[in-house]
Structure formats: structure tokens, C-alpha cells
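What follows is a single structure, written as C-alpha cells, with notes after it.
The values are calculated or read from the model by the stated rules, or taken from the named source; none is laboratory data. Model, not experiment: these values are computed from the prediction. Ideal geometry is used to build each Cβ from the backbone, glycine not excepted, and the neighbour counts take in all protein chains shown. For accessibility, only protein heavy atoms count, side chains too; no ligands or nucleic acids. Shrake-Rupley method; radii C 1.70, N 1.55, O 1.52, S 1.80 Å.
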Amino acid sequence: RRVPFDPSAYTANAAGNPFDPTDWNRADGFSPGSPILTLVPGVDLDRTGAAPITDIARSLDEDAPIVLLDAETGERWPYFAELDAHAPEGADPLLIVRPARNFTEGHRFVVALRGMRDATGALVAPDDTFRQLRDGGPLTDPWATEQSPRYDRLLADLEAAGVERADLHLAWDFTVASARSTTGRLLHMRDDAYAALGDGVPAFTVDTVEVPGDPASTVARRISGTFEVPSYLTGTGATGSNLNLGPDGLPVRNGTFTARFLCIVPRSAVADGSARGVVYGHGLLGRAEEIDGFGDFADSEGIVFCATDEIGMSSEDVPSALALSQDISKFPTMPDRLQ
């Protein structure tokens with residue numbers, strides 16, 4: 001299976017560039033944490049009785065108006081529902097159903113909406129095309145004819161779980177990506193890199209060893225250098241590059257990448273002759289130098305902090321982040337390089 005996003009389903013960006021779904025369509029299902037989005041014109045979630053974030057347990061009530069069903073196990077799935085707070089004024093907001101825990105990888109899930117009510121308490125009428133599929137009458141809509149076998153299956157799943165088709169406002173199913181689809185590339189790179197490394201260590205250089213001139217400094221040594229790691233990126237692996245994929249969709253090694261490291265050794269480690277090692281990971285668009293502010297903490301707790309730039313999400317990736325904010329088709333460059 002593959003996700004088949006059609007470029008024609010999307011609007012172009014402000015510059016007129018069309019959306020390219022190629023990287024998304026490599027997946028064999030949707031993200032395990034995907035929010036579920038649909039449009040129910042005029043729906044009032046309070047009147048409907050949908051489970052809010054403050055009462056997720058209601059989502060599992062027998063008569064809950066929104067049902068998430070694991071079709072593989074028959075298990076009802078917890079969620080909370082809300083309306084899109086960013087909808088333009090006067091427009092119907094999207095209904096957002098957020099899973100309270102990630103969907104099971106590789107499983108098929110069915111979404112069912114029933115008893116959708118507006119602000120007056122009146123039922124919101126279902127779409128005519130869905131009504132044809134639900135009621136089993138003549139299929140005059142070509143899309144309904146095409147989808148009929150799929151709907152026979154998912155409606156049977158719902159009826160087996162006690163959800164009557166006659167009550168439905170809307171229903172559909174989707175497949176969640178497998179573990180191989182979500183983590184296969186990263187695990188392949190890890191296994192391939194460690195197999196090549198064997199019992200050795202990466203080649204490294206120590207470029208500078210700084211001894212602070214301030215006798216009151218809690219840092220005894222500041223050590224910086226580089227180390228060589230396998231690269232699975234296109235080109236030189238610089239910001240904006242993608243994973244170098246082979247015919248099987250898995251990353252192929254493309255030489256090496258020279259990574260930076262920075263370590264601070266506190267005075268307490270020198271005095272005691274021992275310390276704990278901690279690898280620090282910076283946040284969004286940060287850099288290894290963030291550990292320079294940890295001297296006092298490192299000294300009091302006996303920690304040697306080491307850091308590297310988390311490429312893909314480091315300060316050197318700011319230009320790429322700005323570029324993808326203008327063209328979302330470039331988004332894969334960030335997670336590819338981060339992996």
C-alpha cells in the first residue's frame with residue numbers, strides 16, 4: 001500500500017508553486033499520531049455531546065457521537081474533539097478529532113460520526129453521496145459506485161461494534177503507517193553504520209583545548225573538534241539535502257560527513273578524577289555552544305557535557321527552514337537531515 005495524495009487536490013502556495021506530495025506518498029499509511037479532519041457544516045460539539053479534552057473518557061461511551069474503531073481488533077479508540085479555532089470568521093470550522101494515544105502501526109481504523117447537531121439541537125443532515133452508501137439504495141454518484149466495496153466492509157465493521165449504519169452522519173476508514181514505514185529508514189542507517197564501525201570508534205580530531213583564564217571559572221577545559229560519520233544524504237550533506245534513497249526506498253551510504261563536537265570539563269571532574277558524561281541535545285534551530293552556559297551546573301553535579309549540532313534542526317539550517325516555510329514541498333529536507 002501507498003498513500004496516494006494527488007497534487008491536484010492541493011492549492012498552490014502564494015508564489016504559485018504547486019505542492020509536491022512525492023515524499024509523503026512513499027508512506028504505506030498515515031502517521032500514527034494523525035489528527036482526523038472533516039467538515040460538518042453548522043455542528044455544535046456541546047449540543048452533539050462530543051468528548052472534549054477535559055473529559056476524554058466520554059469518547060469511549062457506548063453512545064458517543066464520534067467513534068474511532070480499530071478494525072483489526074474491534075477496540076474503540078480514545079480521542080477528544082474540537083473545532084478549528086483558526087477558521088476564518090463566518091466560515092464553518094473544521095471538526096478536529098485528536099487521538100488520545102497513537103494509533104497502532106499498520107492497523108486499519110474506521111471513523112464514524114453520528115447524531116451531529118447544530119446550535120439549535122437539530123440534526124445535521126448527512127451528505128447525499130454518503131447517504132447512498134449508508135442506505136444501500138441505487139448508487140447514482142460515480143464516486144459512490146467506485147467506493148461501494150470499501151464501504152460495505154467498513155459499515156460491517158461498525159455494525160459488528162454496535163454502531164448502527166442508519167444513525168451515521170459520515171464514516172470512512174484509513175490505514176496507519178507500518179513501523180517499517182515510519183522508522184525503517186532510520187533503523188537501517190543505524191544498523192548499517194554500526195556494522196561498518198564494528199568494534200572501532202569514528203575517526204576524530206581535537207582542534208582546540210581551551211583553559212579559561214579566569215581562576216573563578218567552574219570550567220577547567222573547553223574541548224572542540226570534529227568526527228567522521230557515515231552520510232546517507234545527497235551531495236555533501238549540507239543543509240537542504242535529502243536522504244540518498246536506493247531502489248528499495250532505504251537510504252544508501254554516500255561517503256562521510258564531518259560533524260562538530262564540543263565538550264566542557266568542569267573543575268570538579270579534574271579534582272575528583274571522574275565525572276558522568278552527558279550528551280546534550282539542543283532545541284529548535286540551536287547549536288552545540290548552548291552547553292557553554294552549563295558550567296556551574298556541570299561543576300556542582302560532576303558532569304562532562306558534550307554536544308554536537310543536531311543537523312536538520314540546527315542554527316545552520318535556518319535558511320532551509322525559511323525556504324520550506326515558503327514552499328512546504330521542501331519540508332522533507334528537515335526531517336531527512338535530522339535523521
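Cα gyration tensor of region 18-83, axes a ≥ b ≥ c as square roots of the eigenvalues: rounded (a/c below 1.5), prolate (a/b > b/c) or oblate?
oblate
Hey, any idea what Rg/Rh is for region 48-93, computing Rh the Kirkwood way over Cα pairs?
Answer for region 48-93: 1.09.
Once you put a point 7 Å from the Cα of E290 and another 7 Å from the Cα of T236, both along the Cβ direction, what distance in nm separates them?
It is 2.6 nm.
Return the carbon/sulfur percentage of the accessible area of region 159-271, one whole number, probe 1.4 Å, all protein chains in place.
Of all accessible area on region 159-271, carbon and sulfur atoms account for 58 percent.
Taking a ≥ b ≥ c as the square roots of the eigenvalues of the Cα gyration tensor of region 1-154, is the shape rounded (a/c under 1.5), prolate (a/b larger than b/c) or oblate?
Here region 1-154 falls in the rounded category.
Taking the Cα-to-Cβ direction at E228 and at A271 and moving 7 Å from each Cα, how far apart do the two end points lie in nm?
4.1
Calculate the spin-label point distance for V211 paired with A12, positioning each point 7 Å from the Cα along the beta-carbon direction, and give it in nanometres.
If labels sit at A12 and V211, their model points lie 6.4 nm apart.
Tell me the label only: which of (i) 82, 45, 42; (ii) 79, 69, 37; (iii) 59, 57, 39 is Cα extents along the principal axes in Å as calculated from this structure?
(i)
Leaving out ligands, DNA and RNA, and with a 1.4 Å probe, what % of the accessible surface on region 287-332 is carbon or sulfur?
60
Starting from 0.36 nm per residue, how many nanometres of slack lie between I328 and T183 once their C-alpha separation is accounted for?
50.0 nm
Ignoring ligands, DNA and RNA, what percent of the 1.4 Å accessible area of region 5-61 is carbon and sulfur?
Carbon with sulfur: 55 percent of the solvent-accessible area.
So how compact is region 83-129: Cα radius of gyration and Dmax in angstrom?
Taking only Cα atoms of region 83-129, I get Rg and Dmax of 14.4, 40 Å.
Could you tell me the center-to-center distance, by alpha carbons, between region 270-339 and region 95-146 in angstrom?
44
When only alpha-carbon atoms are used, what values of Rg and Dmax, in angstrom, describe region 168-207?
Spelled out, the Cα radius of gyration and Dmax of region 168-207 are 20.3, 67 Å.
Once a ≥ b ≥ c are taken as the square roots of the eigenvalues of the Cα gyration tensor of region 265-336, is the result rounded (a/c under 1.5), prolate (a/b larger than b/c) or oblate (a/b not larger than b/c)?
Note, shape of region 265-336 comes out prolate.
Relative contact order for the chain: what percent, with Cα pairs under 8 Å and sequence separation of 6 or more?
Relative CO of the chain lands at 13 percent.
Over all alpha-carbon pairs in region 206-339, figure out the percentage whose distance exceeds 18 Å.
61
Give me the Kirkwood hydrodynamic radius of region 76-235, using the inverse of the mean 1/r over all pairs of distinct Cα atoms, in Å to one decimal.
About 22.1 Å, per the Kirkwood formula over Cα pairs.
Placing one identical point scatterer on every Cα of region 144-256 and ignoring solvent, what is log10 I(q)/I(0) from the Debye formula at q = 0.19, 0.21, 0.24 Å⁻¹?
-1.03, -1.13, -1.31
Taking only protein heavy atoms and a 1.4 Å probe, what accessible area per residue, in Å², does region 157-240 have with all protein chains in place?
On a per-residue basis, region 157-240 sits at 55 Å².
As a test of understanding, state the convex hull volume per residue of region 62-150 from its alpha carbons, in Å³.
162
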